[in-house]
Amino acid sequence: MIRVLIVDDSPMFASALALSLSADPELVVIGVAANGEEAVAQAAALQPDLITMDVQMPVMDGLTAIEAIMASRPTPILVVTGDPGGASGALALEALRRGALEVMAKPTAWPGTPEEQARLREQVKLLAGIPVIHHPLGRLRRTPLPVTLAPRGAAGRDATAAEL
């Protein structure tokens, strides 16, 4: 069994994701976190085999959570976000730089097509088997550096990682 922790501030999306993953008998959802701070705590307590991580969340954004998890309790992380390209791909590159293994787009309509659901489940199973190591970035930095990304619905200004 592959134990999955879902991190997303949308209860509807987290529930749909849990239903989609649970359709595979090899996958079991062991927890749901609504923000990055909860994700860091649950990653340490539950020790999942894989974490699905949203990026734009309150309290602690996904990029900061990735960095903290990879510095303290390395776990394969699949970023599932509505805008994986971010500002011309900056979001995906930043997530990978901080220790995530892959970035996928959320389906535009949930639960998504059967093909999208199958692709997600296969990606989870593939990534859960990849060994990961402590990422030094979180240990070297006391406060995260800002990342310039345009937040949803905010034209004309940039967002820092803390706002995502």
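Descriptive notes on the structure:
- Annotation: amide H-H contacts under 5 Å for Gln56 (H modelled 1.01 Å from N, sequence separation of 5 or more, or interchain): Gly62.
- Förster radius 41 Å - calculated FRET efficiency between Ala45 and Arg97 (Cβ-Cβ, nearest 0.05): 0.95
- Three-way shape call for the range 1-60 based on the alpha-carbon gyration tensor, with the a/c threshold at 1.5: oblate
- Using θ = phi - 60° and Karplus 6.51 cos²θ - 1.76 cosθ + 1.60, couplings along the range 7-24 (whole Hz; Gly, Pro as x): 10, 6, 7, 8, x, 5, 5, 4, 5, 5, 5, 4, 5, 4, 5, 5, 5, 9
- Put simply, the amide H of Met104, placed in the peptide plane, has neighbours under 5 Å in Val79, Val80, Thr81, leaving out anything fewer than 5 places away on its chain.
- The largest accessible area among Arg97, Arg121, Arg73, Arg3 belongs to the first residue in Arg97, Arg3, Arg73, Arg121, and the rest follow in falling order (1.4 Å probe, all chains).
- Taking a ≥ b ≥ c as the square roots of the eigenvalues of the alpha-carbon gyration tensor, the range 46-132 is classed oblate because a/c is 1.5 or more while a/b is no larger than b/c.
- Heavy-atom accessible area ranking, 1.4 Å probe, most first, across Arg98, Arg119: Arg119, Arg98
- Under the Karplus curve 6.51 cos²θ - 1.76 cosθ + 1.60, θ = phi - 60°, whole-Hz ³J(HN,Hα) for the range 60-70, x wherever Gly or Pro sits: 9, 6, x, 5, 5, 5, 4, 4, 5, 5, 6
- Remark on Leu27: its backbone amide H falls under 5 Å from those of Ile2, a criterion applied only to residues 5 or more positions apart or on other chains, H modelled at 1.01 Å from N.
- Burial order of peptide ranges 10-18, 74-82 (average beta-carbon count within 10 Å, highest first): 74-82, 10-18
The values are calculated or read from the model by the stated rules, or taken from the named source; none is laboratory data. The structure displayed is predicted, hence computed values, not measured ones. A quick note on method: Cβ atoms are made from the backbone with ideal geometry, for glycine too, and the neighbour counts reach across all protein chains shown. All accessible areas refer to the heavy atoms of the entire protein, side chains included, with ligands and DNA or RNA removed. Shrake-Rupley method; radii C 1.70, N 1.55, O 1.52, S 1.80 Å.
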